[in-house]
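Reviewing the structure listed below.
The values are calculated or read from the model by the stated rules, or taken from the named source; none is laboratory data. This is a predicted model, so every value here is computed, not measured. Cβ coordinates were reconstructed from backbone atoms using ideal geometry, including for glycine residues, and neighbour counts include every protein chain displayed.
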Amino acid sequence: MFTGIVEELGSIAARDGARLRIAAGRVLEGVGLGDSTAVNGCCLTVVAFDTAEGWWEADVSDETYARTNIGSLEPGDVVNLERPVRLEDRLGGHLVQGHVDAVGEIVDAVPDLRIRIPRELMRYVVEKGSITVDGISLTVVKPLDDGFTVAVIPHTSAVTTLGVKGPGALVNIEVDVMAKYTERLLEGQLAALAASAGATIALPIQES
């Protein structure tokens, strides 16, 4: 579990098939084999590392390459890095699983960031709600028909990849997991009510 507060900017050092090597510094402090680290909001497992040389490696599945922007990364590309949250840490952003829901596209760059996402995710996007973009916890300013806008402050631009990404760039999107749990609970309750009443109850929340 993560918080969406990026700890540092790393870079892709090498890519060899399923193996990805990432140059980093801060996230290597106390690192161990099997630890998790979020790369652009995608949770990856540390399978090798060298703290002296400043790198760690992860094996990336074909599914992850296909469903995230990890597949488009090349050596030299900058990435957002975050270690998992600990129970004693401050929750500076919001609860982030590191499970990417879809890839979005930047329409307008920072500071008035606009991102286009698949319409089926729009039911989880609400004004002033939380959303994760490339591992960054952000607050939605305005939901749109096919995406949303975010006001990005200069500090966030400076310490994350949003400061260097322009229109057309692909970003990983993770919607708020609490919204998905709420939807699932309501589905079960309304289905039970419908069954007991012998009728079908439509869920407006499912419309996209």
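Quick one: E183 ticks every box in (1) acidic (D, E); (2) in contact with a Lys or Arg (Cβ under 7 Å, 6 or more places away or on another chain); (3) under 24 Å from L91 (Cα atoms) except a single one, so which number is it?
So the condition that E183 fails would be (2).
Looking at the structure I just gave you, is Y124 closer than 28 Å to L73 by Cα and of a type in the set (F, W, Y)?
yes
Could you please find all residues in region 13-41 being assigned to a loop (DSSP other than H, G, I, E, B), over 20 Å from the mean Cα position of the chain (by Cα) and within 19 Å of G71 (Cα to Cα)?
Result: G17, A18.
Could you count how many residues in region 117-163 are surrounded by fewer than 22 Cβ atoms within 10 Å (Cβ to Cβ), part of a strand (DSSP E or B) and touching a Phe, Trp or Tyr at 6+ places or on another chain (Cβ under 9 Å)?
Matching residues across region 117-163 total 1.
Of the residues G32, G17, only one is out of contact with any Cys (no Cβ under 8 Å at 6 or more places or on another chain), surrounded by fewer than 16 Cβ atoms within 10 Å (Cβ to Cβ) and either under 23 Å from V164 (Cα atoms) or modelled with pLDDT of 95 or more (or both); which?
When all the criteria are applied, what remains is G32.
Which of the following residues is part of a loop (DSSP other than H, G, I, E, B), in contact (Cβ under 8 Å) with a residue 40 or more places away in the chain and touching a helix residue (DSSP H, G or I) at 6+ places or on another chain (Cβ under 8 Å): V79, V6, V85?
V6
Where residues in region 59-76 are in a helix (DSSP H, G or I), loosely packed, with under 15 Cβ neighbours inside 10 Å and of a type in the set (D, E, K, R), which of them is nearest to the chain's Cα centre (by Cα)?
Result: E63.
Being surrounded by 11 or more Cβ atoms within 10 Å (Cβ to Cβ), more than 16 Å from the chain's Cα centre (by Cα) and without any contact (Cβ under 8 Å) to a residue 12 or more places away in the chain, is that true of even one residue in region 42-51?
Looking for residues that are surrounded by 11 or more Cβ atoms within 10 Å (Cβ to Cβ), more than 16 Å from the chain's Cα centre (by Cα) and without any contact (Cβ under 8 Å) to a residue 12 or more places away in the chain, one finds at least one in region 42-51, hence yes.
The rows are residues; the columns are (1) of a type in the set (G, A, S); (2) closer than 14 Å to I173 by Cα; (3) free of Cβ contacts under 8 Å to residues at least 24 places away in the same chain.
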{"position": "R114", "(1), (2), (3)": "no, yes, no"}
{"position": "I117", "(1), (2), (3)": "no, yes, no"}
{"position": "S130", "(1), (2), (3)": "yes, yes, no"}
{"position": "L144", "(1), (2), (3)": "no, no, no"}
{"position": "F148", "(1), (2), (3)": "no, yes, no"}
{"position": "A151", "(1), (2), (3)": "yes, no, no"}
